[in-house]
1. Mind checking which pairs have a first residue in region 297-321 that is farther than 16 Å from Ser187 by Cβ and touching a residue at least 12 places away in the same chain (Cβ under 8 Å) and a second that is surrounded by fewer than 17 Cβ atoms within 10 Å (Cβ to Cβ) and among the charged types (D, E, K, R), Cβ under 9 Å, 6 or more apart or different chains?
2. When region 200-226 is examined, which residues are found to be in contact (Cβ under 8 Å) with a residue 60 or more places away in the chain and not in a helix (DSSP H, G or I)?
3. Being loosely packed, with under 14 Cβ neighbours inside 10 Å and polar (S, T, N, Q) is the filter; apply it to region 132-155 and report the residue that is modelled with the lowest pLDDT.
4. Out of the strands (runs of 3 or more DSSP E) lying entirely within region 227-343, which hold 2 or more residues that are over 18 Å from the mean Cα position of the chain (by Cα), on the phi < 0 side of the Ramachandran plot and not polar (S, T, N, Q)?
5. Determine which single condition Glu50 fails, assuming it passes every other condition in (1) of a type in the set (Asp, Glu); (2) in a strand (DSSP E or B); (3) farther than 17 Å from Val20 by Cβ.
6. Could you list, ordered by first residue, the pairs with Cβ atoms under 8 Å in which the first is in region 125-150 and farther than 20 Å from Gln23 by Cα and the second is open to solvent by 50 Å² or more (accessible area, probe 1.4 Å) and basic (Lys, Arg), at least 6 apart or interchain?
7. On the given criteria, is Ala335 under 15 Å from Val257 (Cβ atoms) and either touching an Asp or Glu at 6+ places or on another chain (Cβ under 9 Å) or open to solvent by 10 Å² or more (accessible area, probe 1.4 Å) (or both)?
8. Taking the residues in region 174-199 that are under 16 Å from Val307 (Cα atoms) and not in a helix (DSSP H, G or I) as candidates, determine which candidate is nearest to the chain's Cα centre (by Cα).
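The values are calculated or read from the model by the stated rules, or taken from the named source; none is laboratory data. Just so it is clear, the structure is predicted and the values come from calculations on it, not from any experiment. Cβ placement follows ideal geometry from the backbone for every residue including glycine, while neighbour counts extend to all protein chains displayed. These accessible areas exclude ligands, DNA and RNA; they are computed on the full protein's heavy atoms, side chains included. Shrake-Rupley method; radii C 1.70, N 1.55, O 1.52, S 1.80 Å.
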Amino acid sequence: MTPLLLAMVISSGLPNTHLVALQPNLDFPAVGQEVVKTFTGIEAGIPFREMIASWNVQPADAAGLKVEVKAHGSGFDTKWYTMGRWTLEPGHEKGSVNGQKDANGTVDTDTLSLNKEATTIDVQVTLKTLKNGPKPVLKLLTFSFENDKKEQEVAAAPSLAWGKSIEVPERAQNNYPNGGVLCSATSMSMVLWHYANQLGRPELNKDVPEVEQHVWDPVYKGAGNWPFNTAYAGSFQGIRSYVARFGSIQDLEKWIVAGYPVICSVSFDMLRGLPLSATESGHLVVCAGFTKEGDPVINDPAFKGHVRKTYPRADFEKAWVYSKRTVYLVYPEDAKIPEDTDGLWYTVH
């Protein structure tokens with residue numbers, strides 16, 4: 001079947017990132033069987049060198065999924081790269097795939113990095129039903145594209161986000177075993193707890209060890225695989241979740257004004273005003289608001305005590321650019337999310 005394209009190319013002053021979404025609504029096959037579906041000629045909307053895929057499956061308990069991508073550019077076509085093998089069911093194949101580097105590019109855990117600009121992709125998804133139960137449905141596929149064009153600098157200007165704060169519950173990663181690598185799982189746990197309170201759905205309040213169990217990538221040996229985290233959140237009925245890249249901090253402000261916290265990938269060191277260290281591996285935090293002066297209000301899980309912190313705007317921006325402004329967007333499917341004027345997140349047109 002032909003998927004419904006849900007993101008459009010929109011001319012903007014921020015041409016370095018763009019998100020394309022498909023809503024395939026594909027039923028998984030019978031128990032023990034697998035089916036392969038291919039989507040060809042997906043336009044990225046920009047020439048790109050990086051791509052991050054995300055997916056939402058609901059209900060997901062019995063689902064096994066593999067996502068592969070082939071890129072096409074001027075005079076070249078890549079091989080099929082595996083973006084991940086994913087399931088929530090213990091004892092089945094799961095993880096990123098190492099050793100995919102070739103002359104055209106490589107996959108670094110969850111990110112396809114190309115040596116030359118491409119413009120389109122083909123996508124192949126393998127769906128397998130692992131046990132009896134409610135039949136899984138592949139509801140959403142998203143692809144966040146990014147190129148290496150110089151990012152525009154946007155001057156800080158007061159917005160409606162300045163002085164607005166969202167009450168996101170606090171959890172600290174170092175209060176748990178293996179806490180040193182649980183920033184992503186802890187950030188996701190806080191946001192899910194927030195929606196448990198907001199929506200009156202206590203089943204969304206998952207403590208950090210349970211989130212860790214479901215987002216852990218045994219190949220990466222960590223809980224920080226970006227699409228594994230969003231796929232877990234997106235496995236809950238009525239919740240949409242995917243990886244995106246923003247164009248500026250003003251995009252983040254739009255989400256705070258609308259009332260939705262955003263998980264941001266940053267440099268641990270640079271967030272604290274320190275130079276980038278040789279051991280930097282990235283850090284995940286929850287942006288829950290801004291001060292009246294425009295400094296981000298952050299639920300930073302890297303503590304045992306008080307999690308809510310305020311960081312200087314300039315330090316946050318430098319730290320966030322480290323990941324090319326990568327975010328996890330997690331929100332109810334019926335949410336009134338901010339208007340997307342630059343093609344950066346999922347928008348139904």
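1. Arg313/Glu293; Asp315/Arg272; Val321/Glu151
2. Those that are in contact (Cβ under 8 Å) with a residue 60 or more places away in the chain and not in a helix (DSSP H, G or I): Asp217, Pro218, Val219, Tyr220, Gly224, Asn225.
3. Gln152
4. Working: elements: 239-245, 262-266, 283-290, 296-299, 308-310, 326-332.
Correct list: 296-299, 308-310.
5. Here Glu50 clears every test but (3).
6. Sorted first by the residue in region 125-150, then by its partner, the pairs are Glu146/Arg49; Glu146/Lys324; Asn147/Arg49; Asp148/Arg49.
7. Spelling it out, Ala335 is indeed under 15 Å from Val257 (Cβ atoms) and either touching an Asp or Glu at 6+ places or on another chain (Cβ under 9 Å) or open to solvent by 10 Å² or more (accessible area, probe 1.4 Å) (or both).
8. For region 174-199, the residue satisfying everything is Leu182.
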